[in-house]
1. Report, in whole Å, the centroid distance computed from the Cα atoms of segment 226-300 and segment 112-127.
2. First measure r as the distance between the Cβ atoms of residue 213 and residue 58, then evaluate 1/(1 + (r/R0)^6) with R0 = 30 Å and state the FRET efficiency to the nearest 0.05.
3. Kindly put 165, 314 in sequence by how many other C-beta atoms sit within 10 Å of each C-beta, fewest to most.
4. Any chance you could run the full-extension gain for residue 230 through residue 188? It's 0.36 nm times the residue separation minus the Cα-Cα distance, nm to one decimal.
5. Which value at 222 nm does the chain reach when only helices count, each DSSP H run of 4 or more adding -39,500 (n - 2.57), with the total divided by all residues and rounded to the nearest 500 deg cm²/dmol?
6. Order 243-250, 265-272 from most to least packed using the mean count of other Cβ atoms within 10 Å.
7. So for 11, 188, 123, fewest C-beta neighbours within 10 Å to most, what's the order?
8. Going by how many other beta carbons lie within 10 Å of each one, how would you line up 290, 304, fewest first?
Ligand code: C5P
């Protein structure tokens, strides 16, 4: 095969707790991550020159080394030089549907798809844990994007424990096109403002692992959408909402709509999501929010929880 097409789903954070400062400069996290139907399509092709090329339909997405998908291909070429020499270069086409810099792991899921696609192109036969480990060197969310579904994530966000899949919860996502939140800024600001409460804490991993016996994990195990929605949590809201009043307003508008089980910002934002029992309720609330906030800059999507990460849809 010289070409593979892959679906690269976005994720939302049902839970994000910042446990403390890690010695490597990152933050120890306790999260619950959920794959959603909103996805990019990634095509990977073998090409005869020994170069890596990235194309994207979205003008804001860089196509050079600053794109994580490019770095994923470069990592594979470095790790597997014989395969790179044998099969030649790689051309990567990204059909972007996931909003950029949105807290939805758009860049990370593209990188995960490139790892999976090149593994297939070069017939490397890597296992999922091997792909996740490679992904972890590119970014904290990449291992989850490879695996997908529903999972507890601790450490930098790269230590995964799968949970039973949630496949029947409907979601509305809201994102202002022109708003982007820098993830390093969000964590740095949180550390500056709230770091005193945990600065000298030890046993970070043990404290993060306490999430396993927490109320939201119980709700996920019970597949109880209403209870999950009551237990949504994101520490980064404490810094992002005050700095971005539009995001706070969107969250309040969601919270006031009938049928919304719960609402929260995803990751470092600025995307806000709301959970629903049915697609019909989600579609109705999307229309109501569109009427409540008359702003062409606001993008709204209806989607749902899904049970998979990167998926191959065709090969030629
Ligand atoms: O791992 P990734 O490159 O996606 O992380 C982006 C940024 O988010 C990091 O540079 C860091 O500033 C912040 N981060 C953090 N702690 C984590 C994950 C991310 O401080 N566990």
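None of the figures in this text is laboratory data; all of them are computed from the coordinates on show. Keep in mind the model is a prediction, meaning the values are calculated, not measured. Glycine also receives a Cβ, built like all others from the backbone with ideal geometry; neighbour counts cover every protein chain displayed.
1. First find each Cα centre; the distance between them is then 36 Å.
2. It comes to 0.15.
3. 314, 165
4. So the chain would gain 12.3 nm between residue 230 and residue 188.
5. -10500 deg cm²/dmol
6. 265-272, 243-250
7. 123, 188, 11
8. By the 10 Å Cβ count, ascending, the order reads 290, 304.
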